[in-house]
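Before any comments, here is the structure.
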Ligand code: ADE
């Protein structure tokens, strides 16, 4: 997968050299380019913002540097939008990011992230980009960050760990929270007793059938307690007859 990030703070992306994302880059599973948007400015102050038309607080990102940056990253517009890169614009006004969206993005060849700052990016940038990319405005949640950089780090981590070969044991991807519409059961490791607290006996029983049943029940209880909204919107096939009985 090829990923390009446009930002006025390239230093935010130093962590992309660490840990499993760093390893995915060195092994060639992931190719990342981080670009300073100010490279596409032409004035002495390298200006990227201006006051909003119609009034209001703060500043808005001017369209010209964005347009020029996209022209550089994508010099030949794709013949078919279906195979065009996906342009992700993090914004609290976007669709909600989710594990399902991470999985969709992990299947793409090329992602471009546009990190807005200030109050946001001139809307014409997104309209113009939509003529040659599949544009998605995406929000991490119902709160406001200073800019898109941290949101991109979050989204990239969620996407990259789904790329084939990035995580050694692919089973961890099917067992974890959100993989099946429920939260994961609690986890335990050694020692069997710590500060007087015992690991649930069933997990030490070696009975895989009983363990699976216990985990399933814990998963349902935890989801009901922490995220009742997930249970309420669960597809019928998420719950089975067996769950009703326990
Ligand atoms: N930029 C500012 N706030 C954001 C949010 N909640 N999600 C994604 N990008 C953002």
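Okay, here's what the table says:
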item	result
The chain, helix-only ellipticity at 222 nm - DSSP H runs n ≥ 4, -39,500 (n - 2.57), divided by all residues, nearest 500	-9000 deg cm²/dmol
Packing-based order for 65-75, 181-191, using average beta carbon neighbours within 10 Å, highest first	65-75, 181-191
GNM result for the chain, Cα springs below 10 Å: residue of 231, 203, 140 fluctuating most strongly	203
Pairwise Cα inverse-distance average, inverted: Kirkwood Rh of the chain (Å)	20.9 Å
Fluctuation leader among 42, 208, 178 - the chain, Gaussian network, Cα springs under 10 angstrom	208
Global geometry of the range 118-246, whether rounded, prolate or oblate, following the gyration tensor of its Cα atoms and the 1.5 cut on a/c	prolate
Counting DSSP beta bridges with both ends in the chain, the antiparallel % (nearest 5)	15 percent
Relative contact order of the chain, pairs being alpha-carbon contacts under 8 Å that are 6 or more residues apart, as %	19 percent
Residue 82-residue 29 pseudo-label distance in nm [points 7 Å out on the Cα-to-Cβ vector]	2.9 nm
Modelled FRET efficiency - R0 45 Å, residue 145 with residue 189, Cβ distances, 0.05 increments	0.85
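Taken together, the values in this text are just the output of simple stated rules run on the coordinates, not laboratory data. Here the structure is a predicted model, which means the values were calculated and not measured. Cβ sites come from the backbone with ideal geometry, for glycine too, and all protein chains shown count toward neighbours.
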